[in-house]
């Protein structure tokens, strides 16, 4: 029998004797486990770990952005309320001067010394003396309302009405600004350091009775 015939009768070589060259001799594969399967198992363990870390990072960044946005909004609101209160006080002083000028003209035209003297006191008063001077002028104009006909007091009455509206607006804005100053976050972060505490303009109702 020829050598070729004897080799064919023996059959293929045993599977245990076959070793792929790419596996090398130092790291034999575990029985029944292929190398691609081991690699796939390792990747499946790494991917969930990376996904978990990514979600943590995204969550932290989201929280930081949300907190920063809220603090920025609060700081902007604090600045806006104080700016509006300051502007309202300037408008209030403007209406006060308008009423004082109208009262001075009334006092000169009608020889009513009480109105003239009180109006000059308002125009010359400083911030601390201004409320008391305004109240004296209001009392003088109410005396004038009992003494003179309505058409004589038309300009003074209109100026007094505008002053009353300006005072109400100023009081509302000061109340809002003082309320926001009391918030814990505003106080903790010192968001009002640049703004002095707005003060009310405490005067009697300047509107004259119709």
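Data for the structure
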read-out: Any hit, the stretch 68-89, residues being part of a helix (DSSP H, G or I), at pLDDT 95 or above and farther than 24 Å from residue 196 by Cβ; value: no
read-out: Tally, over the stretch 106-126, of residues that are in contact with a helix residue (DSSP H, G or I) (Cβ under 9 Å, 6 or more places away or on another chain) and within 28 Å of residue 171 (Cβ to Cβ); value: 12
read-out: All helices (runs of 4 or more DSSP H) inside the stretch 106-210 with 2 or more residues being more than 18 Å from residue 77 (Cβ to Cβ); value: 113-124, 130-147, 154-181
read-out: Set 49, 92, 37: member being part of a helix (DSSP H, G or I), in contact with a helix residue (DSSP H, G or I) (Cβ under 9 Å, 6 or more places away or on another chain) and either over 21 Å from residue 183 (Cα atoms) or at pLDDT below 70 (or both); value: 92
read-out: Every pair of residues 6+ apart whose Cβ atoms lie under 6 Å, when the first sits in the stretch 149-176 and is under 11 Å from residue 208 (Cα atoms) while the second is surrounded by fewer than 19 Cβ atoms within 10 Å (Cβ to Cβ) and at pLDDT 95 or above; value: 159/98
read-out: Looking only at the stretch 72-90, and only at residues there that are within 17 Å of residue 162 (Cβ to Cβ) and surrounded by 15 or more Cβ atoms within 10 Å (Cβ to Cβ), the one that is nearest to the chain's Cα centre (by Cα); value: 88
read-out: Test result for residue 137, crowded, with 17+ Cβ neighbours inside 10 Å, at pLDDT 95 or above and closer than 30 Å to residue 105 by Cα; value: yes
read-out: Residue within the stretch 180-191 that is closer than 22 Å to residue 92 by Cβ and surrounded by fewer than 21 Cβ atoms within 10 Å (Cβ to Cβ) present; value: yes
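The values are calculated or read from the model by the stated rules, or taken from the named source; none is laboratory data. Predicted, not measured: the structure shown is a model, and the values here were computed from it. Neighbour counts are summed over all protein chains in view; Cβ atoms, including those assigned to glycine, are modelled from backbone coordinates with ideal geometry.
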